[in-house]
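Q: I'd like to ask some things about the structure below.
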Amino acid sequence: MQLKQQESAGGASPAGFVRSSSSLPLGQKVALSSISGPTYVTGQLLVQQVAYKLSDKIFSYSPESFDLDVAVKEWSDAKESNIHGGSTAVVPLQTRSGAGAFALGYIFSKDFDLSKRHIPQTLLAPSLSLRHLRSALDQLSLLYGVASPFVAHIAAADYLAQDGLVTEYGTALQTAEELGLGLVSSSSAYEVQHMAIFATLMAAVLPTIHTYDGLRTARETLRVVDALSEGSIAQLYNKVAEKILALNKRLDTAGKVVDLLRAFNDELGTTYAPFEYSGHETADTVLVVFGSTESQIAKQVVNSLAAEGKKVGVVNVRVYRPFVEEAFLDVLPASVQQIAVLGQVRDAVSVGDASVQSALYSDVLTAVSFADKWQHEPTVVDVKHAASDLHTPSSIASIISRITSKDGQAEDATFSMNTLEQAQQYTFWDVDSSTAADSPSVVGQVLTRESSNNVSVHEVYDNLVQGGVVRTDIRSSKKAVEAPYAVEEADIVYVGEEKLLKEIAILKGAKSGAKVIFRLPTFKEDDLEKRIPAAARKEIQEKGLQLFVLDSSFSPGLEKDAQLLVELAFLRVAQPELTIEQLAKLTFLAQNPVTLNECADSLQQCLRQIEVPAAWAEVPADAASIPLAQGVKLNSFVSFEKEEAEQDFKVDNWTSAAKGLAFKEAYGTQSSLRPDLTVKTYTIHVKENRRLTPQTYDRNIFHIEFDLGDSGLTYNIGEALGIHADNDPEQVLDFIRFYGLNADDLVQVPSREDASILDTRTVFQSLVQNIDILGKPPKRFFEALADFATDEAEKKKLEFLGGKEGADEFKKLSEVDTVTYVDILQQFQSARPEFHDLVKIVSPLKRREYSIASAQAVTPNSVSLMIVVVDWVDSKGRTRYGQATRYLSQLAVGTPITASVKPSVMKLPTKDTAPLIMAGLGTGLAPFRAFVQYRAMQKAQGKDIGAILLYLGSRHQREEYLYGEEWEAYLDAGVITLLGAAFSRDQPQKIYIQDRMRQTMTDIVKAYIQEKGSFYLCGPTWPVPDVTEVLEEAIATEAKQSGRKVDPRKEIERLKEDGKYVLEVY
């Protein structure tokens, strides 16, 4: 192995190896000018390079240890120049509610230097911070016409209590969709620099989010052979920026983005597209993916399968917003019969919840449903996966195998990438307090010094095992390898702490015939079997592994140089052809060449290869069988702080609570209204609660109105009210008695909205307001409860229900029997976890949101809702109720509740004279009551208003003519132009709203097409195709009358883009 100086890898030599940050290549600081051509980088370093060179200011919301801004801070302090002739200011800010106010204030300040208005402002943040920036981004979007270009580089990273750090895209996707922001993704670190530049250019058209994998892509050290230098970035940005000024002003936003991407490609010589297809030319099944690792792996697997003749393809979504449907449909092969959307949802519970859809699925389904590309429309399926899922070639291949099998029940596939066959793969395992914890990074840097190598290094910290464990994967290949997943077949495995062999299945990741190095201080060959667990010995024998033992305590003088010894031992095993003299020449490994030579000479005594006995293939009968973890869980970017923590003042009685209130600073006590909520909450009071349907009718639909008082709550027309509902107190007391609890005991429980925050409540309060004890338990509850069962039969039954084998029975319990947590605890009475354990495995209560049925301009001091009580009879004949609707239906006048406001797609047209065509089923009429109230007020003020066509649907007029008297009054007053009521069961033949619409086709043609009105549908999803068909008929009718040639489906698409075809369905 010939070693020489790197082309450009920035950072210190291993001689003075000091780690600065996990977001920097090999943890080393990098000079801005050194990033150019072939160089070792991380994705986050390239993002920071682009942000610094192109921005006026960088607003950083990087949580401690995330280090998303560590490089730009260094460059800013050094006054490095950006392309605009100055240095870029970096403003570190805290992630909290209202966090974006500072950035917003700067952009719209009266003192803002208008000569800088064209210079982009940049935000660096993880996705977990994005939800706290929502209100600021909403304001920025509304005022963007007078703002500087704004780009947010969002590292997809969030922390979930159950799963640790996860790559979470949902927040970015939802924020972009709801606020009208642009959204661009990077598929790999190799292109993250390009996409960061493109997103910054795109910010000249609309505020833009650039997102990428914040766990792997952002932090893996790898070699990029064509990294753009400072000068190249400036040249590319300035040339494409000039072309932005020449974009066709008549194009809509999507058209401008497509033209901008084309100009970007022309200048850079790339072929990026909003949607990129790979795979078989005539694929039957196409996978649609979004995300960095997902896109890389899916593309590689699909191309490999397609080369074998399998008719599969994959579409990588690069530009998610605006979602250019024509571009998406163009890349799909005409042969496709099934489109599988690999859509991310938050967690495993959402994966199992049929009512939850991935954001990507909704867009793909809409695009395909309204397309006329196929004679037989392909099916679209939502292949949901949790944010915590770690994708590998095998997992993606298994997904493809399932969706292409006839019954969808194919077994998991094992898939190996051919590109890794020539690569050398190494895995290091150690505790993070080890004196040799930095050895893998030093070895990685040594390997990078051979210019023909393409080396990647990635670390995973798990601070919950052995006080802190770090796993480091290294790959080295002559060709560039894209492998954004853990090493699965290592050529060498190093274990620095023998205790890890008793907790983790480390050797599972070693390939057959691989070499393993165990660091065993004070090693004696007679003790070997005592120090290596039986399971590990068996795997060593069965896989034919070559075993090496490193005794770093062989010479007491070497202990202080243990890191150097580990590095040399590894190199000796990896490259046995190297002589001691050759190792000694690697003087960059130590500051003191004498120490280096001493360590190299000692290797012959310290490092020994052990002959593996054949007897190791048998596990002794008396050996303890302990289940091993299959790996570590990423839950930090840094090692665990070992400093002694101060006493935790846990509140468990009234005396402790009193101390906490009396000495707030000492106990860290905070008192506020729902501080756990990421949304602004208000206390409002019930003003009216009246039933709209007769008492004898089987559906309880009621109108509830709240007095806003001095709460400060404001809302816009069409928005939803979030209700933070309580559990039924009587049922809670019944459970407390059954479980043997003291209702007045103080406990600490996870808050409803953020499990990392603890609320101090009484047992009764926590069960009423925090814990979803009366809700439906997910599969994982059964699995967790099994650990507490003392009866063996009950334990096995719970494990069965929580496993794959019990899927059918679990489905029956959940969907037919509709059991609650209480039901399960009563059924399995030997499983009786202590209350503090119970609250960990029962989900918190969530708020429920309902469309607002009033306009604040008309009723400034109140807000109204129309709700139906959800009830059903379970398999045991018991009447069950929806938690939130029952709570609301029973509220007495004057009762205070906690509420919040959520934005909605339901918005009035900007022109008061634009007609409204509204279709509402049941309680779906709620937002239209607000619409009509507002238009009635405008008419009373003497303003001209557009025609209002209101179509409503329910079962019976006598019982369910909801707000009927109001509609009739508005009709008589000339506010409502046409009232089309469809009562489906009041006559022999059923009549639905689409029938009433078809009967009044002339009115729809006039209001919707000729007078350019807006259409709204609110309620269940089932009438969407029928109602859309009526609107297409109206478009075709008007086109025929006017002699125009129009494609109704495409016209619907255009109306949807213009906000004139709005659905809020569930």
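The values are calculated or read from the model by the stated rules, or taken from the named source; none is laboratory data. From a predicted model like this one, the values you see are computed outputs, not experimental measurements. As a convention, Cβ positions derive from the backbone with ideal geometry for all residues, glycine included, and neighbour counts pool all protein chains shown. With ligands, DNA and RNA removed, areas are computed over all heavy atoms of the protein, side chains included. Shrake-Rupley method; radii C 1.70, N 1.55, O 1.52, S 1.80 Å.
Q: Within the bounds of region 238-260, is there any residue that is in contact with a strand residue (DSSP E or B) (Cβ under 7 Å, 6 or more places away or on another chain) and either assigned to a strand (DSSP E or B) or in contact (Cβ under 8 Å) with a residue 24 or more places away in the chain (or both)?
A: Yes.
Q: Among the numbered criteria (1) in a loop (DSSP other than H, G, I, E, B); (2) of a type outside the set (A, V, I, L, M, F, W, C); (3) modelled with pLDDT of 90 or more, which single criterion is violated by Lys687?
A: Against the list (1) in a loop (DSSP other than H, G, I, E, B); (2) of a type outside the set (A, V, I, L, M, F, W, C); (3) modelled with pLDDT of 90 or more, Lys687 comes up short only on (1).
Q: Looking only at residues that are within 48 Å of the chain's Cα centre (by Cα) and among the polar types (S, T, N, Q) in region 566-591, which one is modelled with the highest pLDDT?
A: Ranking the qualifying residues of region 566-591, first place goes to Gln575.
Q: Examine region 921-932 for a residue that is under 22 Å from Val1065 (Cα atoms), among the β-branched types (Val, Ile, Thr) and open to solvent by less than 10 Å² (accessible area, probe 1.4 Å), and state whether such a residue exists.
A: yes
Q: Okay, moving on. Can you go through Ser456, Ser451 and tell me which one is in contact with a Lys or Arg (Cβ under 9 Å, 6 or more places away or on another chain) and surrounded by fewer than 19 Cβ atoms within 10 Å (Cβ to Cβ)?
A: On inspection, the qualifying residue turns out to be Ser451.
Q: When both residues are 6+ apart or on different chains and their Cβ atoms are under 7 Å apart, which pairs have a first residue that lies in region 1051-1066 and is under 20 Å from Trp1022 (Cα atoms), and a second that is open to solvent by 40 Å² or more (accessible area, probe 1.4 Å) and of a type in the set (A, V, I, L, M)?
A: Short answer, once both residue conditions are applied: Val1062/Val905; Glu1064/Val905.
Q: Output the residues belonging to region 85-129 that are within 22 Å of Val205 (Cα to Cα), in a loop (DSSP other than H, G, I, E, B) and open to solvent by 60 Å² or more (accessible area, probe 1.4 Å).
A: Those that are within 22 Å of Val205 (Cα to Cα), in a loop (DSSP other than H, G, I, E, B) and open to solvent by 60 Å² or more (accessible area, probe 1.4 Å): Phe108, Asp113, His118.
Q: I'd like to know if region 744-759 contains one or more residues that are open to solvent by 30 Å² or more (accessible area, probe 1.4 Å), closer than 26 Å to Thr879 by Cα and in contact with a helix residue (DSSP H, G or I) (Cβ under 7 Å, 6 or more places away or on another chain).
A: No, region 744-759 has no match at all.
Condition check ((1) among the hydroxyl-bearing types (Ser, Thr, Tyr); (2) open to solvent by less than 10 Å² (accessible area, probe 1.4 Å); (3) assigned to a strand (DSSP E or B)) across all residues:
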{"position": "Thr435", "(1), (2), (3)": "yes, no, no"}
{"position": "Gly467", "(1), (2), (3)": "no, no, no"}
{"position": "Thr472", "(1), (2), (3)": "yes, yes, yes"}
{"position": "Ala480", "(1), (2), (3)": "no, no, no"}
{"position": "Ala486", "(1), (2), (3)": "no, no, no"}
{"position": "Ile492", "(1), (2), (3)": "no, yes, yes"}
{"position": "Leu507", "(1), (2), (3)": "no, yes, no"}
{"position": "Ala514", "(1), (2), (3)": "no, yes, yes"}
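Q: Give region 693-719 a look and list any residue that's open to solvent by 40 Å² or more (accessible area, probe 1.4 Å), among the β-branched types (Val, Ile, Thr) and in contact (Cβ under 8 Å) with a residue 60 or more places away in the chain, or say none.
A: Thr714
Q: Could you list all residues from region 972-999 that are surrounded by fewer than 16 Cβ atoms within 10 Å (Cβ to Cβ) and either of a type in the set (Gly, Ala, Ser) or in contact with a strand residue (DSSP E or B) (Cβ under 7 Å, 6 or more places away or on another chain) (or both)?
A: Within region 972-999, Ala973, Gly974 qualify.
Q: Also, quick follow-up: Looking only at region 895-913, how many residues end up being modelled with pLDDT of 90 or more, of a type outside the set (Val, Ile, Thr) and open to solvent by less than 10 Å² (accessible area, probe 1.4 Å)?
A: The total comes to 2.
Q: Quick one: count up the residues across region 801-852 that are open to solvent by less than 20 Å² (accessible area, probe 1.4 Å) and within 30 Å of Arg929 (Cα to Cα).
A: Residues meeting the conditions: 2.
Q: Can you pull out every residue in region 57-79 that is in a loop (DSSP other than H, G, I, E, B) and farther than 20 Å from Gln94 by Cα?
A: The answer is Ala78, Lys79.
Q: Of everything in region 427-443, what is hydroxyl-bearing (Ser, Thr, Tyr) and over 30 Å from the mean Cα position of the chain (by Cα)? Give them in sequence order.
A: Matches in region 427-443: Ser433, Ser434, Thr435, Ser439.
Q: Considering only region 863-894, state which residues are modelled with pLDDT under 95, among the polar types (S, T, N, Q) and either under 24 Å from Pro694 (Cα atoms) or touching a strand residue (DSSP E or B) at 6+ places or on another chain (Cβ under 9 Å) (or both).
A: The answer is Thr879, Gln883, Thr885, Ser889, Gln890.
Q: Answer yes or no: is there a residue in region 269-280 that is open to solvent by 50 Å² or more (accessible area, probe 1.4 Å) and either of a type in the set (S, T, N, Q) or in contact (Cβ under 8 Å) with a residue 24 or more places away in the chain (or both).
A: Yes, there is a match, as at least one residue in region 269-280 is open to solvent by 50 Å² or more (accessible area, probe 1.4 Å) and either of a type in the set (S, T, N, Q) or in contact (Cβ under 8 Å) with a residue 24 or more places away in the chain (or both).
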